[in-house]
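Structure record follows, encoded as structure tokens.
The values are calculated or read from the model by the stated rules, or taken from the named source; none is laboratory data. Everything quoted here is computed from the prediction, not taken from an experiment. Note that we place each Cβ from the backbone using ideal geometry, even for glycine, and neighbour counts take in every protein chain shown.
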Amino acid sequence: MPEPVLPGEEKTVVDEILNQYKENKNPLIKVLQDINRRFNYLPPPILTYISFKLFIPLAHILRVATFYAFFSLKPRGRHMLSVCIGTACYVRGGERILQKLEDELGIKPSQTTEDKKFSLEMVRCIGCCALSPVIKVDQRVYSRVKHNTVMDILMKY
């Protein structure tokens with residue numbers, strides 16, 4: 001099988017990542033983490049390239065990539081919006097916040113805006129029930145969010 005072709009910049013990035021782990025006996029998860037972090041998802045052509053370079057069947061790579069929740073096979077936005085709809089957040093307006101974000105951004109949970117700025121997800125609990133309702137933008141938690149002010153938070157990004 002001939003070596004899969006990647007565009008120049010992608011190939012350079014992937015080769016640098018692979019070289020970081022060339023002494024590692026089982027580099028797959030670390031390689032996938034770095035690829036996911038760099039591209040905000042795991043592009044299929046890159047997975048094929050990794051399969052070729054690491055001598056790992058593509059089916060195995062896909063099993064690993066779909067097993068762990070932190071990997072994505074679909075492009076994600078630069079910022080991940082997590083809306084809590086756990087019990088405390090739900091009864092205090094979490095669903096209204098989610099609806100407002102869906103309406104304003106034009107996306108549903110598990111989708112990404114066309115400009116790749118935001119991805120939206122629902123979560124069952126962020127662990128800040130006393131501060132509900134909460135949303136998380138990347139790793140920053142916003143508490144006591146109101147549906148009519150949630151867009152003010154996004155304006156910071």
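In region 76-85, how many residues are within 20 Å of CYS125 (Cα to Cα) and free of Cβ contacts under 8 Å to residues at least 60 places away in the same chain? Full working, then the answer.
Filtering region 76-85 for residues within 20 Å of CYS125 (Cα to Cα) gives 79-85.
Now restrict to residues that are free of Cβ contacts under 8 Å to residues at least 60 places away in the same chain: 80, 82-85.
Counting residues in region 76-85 that are within 20 Å of CYS125 (Cα to Cα) and free of Cβ contacts under 8 Å to residues at least 60 places away in the same chain gives 5.
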Quiz item: If you take the residues of region 81-139 that are among the hydroxyl-bearing types (Ser, Thr, Tyr) and within 14 Å of LEU154 (Cα to Cα), which of them is nearest to the chain's Cα centre (by Cα)?
Solution: SER119
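Of all residues in region 56-75, which are of a type in the set (Gly, Ala, Ser) and without any contact (Cβ under 8 Å) to a residue 12 or more places away in the chain? I'd like the intermediate steps shown before the answer.
Residues of region 56-75 of a type in the set (Gly, Ala, Ser): 59, 65, 69, 72.
Within region 56-75, ALA59, ALA69 meet the criteria.
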Quiz item: What number goes with the only condition from (1) more than 30 Å from GLN20 (Cβ to Cβ); (2) within 21 Å of the chain's Cα centre (by Cα); (3) among the charged types (D, E, K, R) that ARG63 does not pass?
Solution: (1)
Exercise. Return the residue satisfying two criteria in turn: it lies in region 20-42 and is touching a helix residue (DSSP H, G or I) at 6+ places or on another chain (Cβ under 8 Å) and outside any helix (DSSP H, G or I), and of such residues it is surrounded by the fewest Cβ atoms within 10 Å (Cβ to Cβ).
Key: ASN24
Quiz item: Which of (1) closer than 30 Å to LYS25 by Cα; (2) outside any helix (DSSP H, G or I); (3) at pLDDT 95 or above is the odd one out, the single condition SER51 does not satisfy?
Solution: (2)
Practice problem: Run GLY93 past the list (1) of a type outside the set (S, T, N, Q); (2) without any contact (Cβ under 8 Å) to a residue 12 or more places away in the chain; (3) surrounded by 14 or more Cβ atoms within 10 Å (Cβ to Cβ); (4) on the phi > 0 side of the Ramachandran plot and report the number of the one that doesn't hold. | Solution: (2)
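Would you check if TYR49 is crowded, with 17+ Cβ neighbours inside 10 Å and farther than 30 Å from VAL134 by Cβ?
Details: crowded, with 17+ Cβ neighbours inside 10 Å: yes; farther than 30 Å from VAL134 by Cβ: yes.
Yes: the conditions hold for TYR49.
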Quiz item: Out of curiosity, is VAL150 of a type in the set (Val, Ile, Thr) and surrounded by fewer than 18 Cβ atoms within 10 Å (Cβ to Cβ)?
Solution: no
